[in-house]
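Report on the structure given below.
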Amino acid sequence: MEAVGRRPVAWVAAIVLLAEALGVVFVNGVLATVVRNQQMSLAGLDPDAMSAGTWAMGGVFGLYLVLCAALLVRTAVKDLAPGRFGRVVLIACAVVHGVLGAVTVGLVGWTAFAFMMVVLALIVLILVAYDRERRPGHRDEEPAAGPASGSAEGPAPA
């Protein structure tokens, strides 16, 4: 993928992850409110503890998605591949989307599965598109077999 196509994909992926972060926090907030209002309990756990845990989980996962979106915005703005830390975070985000996509088929439906797979595809596309420019001086391919001193047109300039 050329540099022209990478930036828009990174921007779109960042926007989608930000929207997903807002959605995750909202859904967890609704779940926490329902648990608290209905005084629901699971195996004798305190409903207030379950509500607080749901809020915390939604907040942490929302922040994680915002971090991933920030990495993608940085990638789009600078048109540089994410560093080692950024790649690890984005790979983990892709794995989480793959696993959650498999879970959502049975629990939520095929529409949610399709959304999760689109996000997974966007993240993987960014990781693959920027892979060749990870290190300065990285060559795209090995030199072709032939004369060691240059091409068929003559020796390489000194």
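State whether the residues of segment 44-51 include one that is touching a residue at least 12 places away in the same chain (Cβ under 8 Å), surrounded by fewer than 17 Cβ atoms within 10 Å (Cβ to Cβ) and not aliphatic (A, V, I, L, M). Yes, the conditions are met somewhere in segment 44-51.
In segment 22-43, which residue that is modelled with pLDDT of 85 or more and of a type in the set (Gly, Ala, Ser) is nearest to Gly62 (Cα to Cα)? Looking at residues that are modelled with pLDDT of 85 or more and of a type in the set (Gly, Ala, Ser), I get Gly23.
Residues are listed down the side, and each one gets a yes or a no for (1) open to solvent by less than 70 Å² (accessible area, probe 1.4 Å); (2) in a helix (DSSP H, G or I):
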{"residue": "Leu22", "(1), (2)": "no, yes"}
{"residue": "Val35", "(1), (2)": "yes, yes"}
{"residue": "Leu42", "(1), (2)": "no, no"}
{"residue": "Phe61", "(1), (2)": "yes, yes"}
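Identify, please: which residue in segment 80-133 is assigned to a loop (DSSP other than H, G, I, E, B) and touching a residue at least 12 places away in the same chain (Cβ under 8 Å) and is, among those, most open to solvent (accessible area, probe 1.4 Å)? In this case the residue turns out to be Leu80. When Val77 is tested against (1) at pLDDT below 95; (2) closer than 19 Å to Ala121 by Cβ; (3) open to solvent by 50 Å² or more (accessible area, probe 1.4 Å); (4) in a helix (DSSP H, G or I), just one condition goes unmet, and that condition is (2). The listed residues are Leu100, Leu65, Leu107, Leu80, and the only one of them that is closer than 14 Å to Ala14 by Cα and either out of contact with any strand residue (DSSP E or B) (no Cβ under 8 Å at 6 or more places or on another chain) or not charged (D, E, K, R) (or both) turns out to be Leu65.
The values are calculated or read from the model by the stated rules, or taken from the named source; none is laboratory data. Please read all numbers here as calculations on a predicted model, not as lab measurements. Because the Cβ atoms are built from the backbone with ideal geometry, glycine has one as well, and the counts that use them run over all protein chains shown. Only protein heavy atoms, including side chains, enter the accessible area calculation; ligands, DNA and RNA are left aside. Shrake-Rupley method; radii C 1.70, N 1.55, O 1.52, S 1.80 Å.
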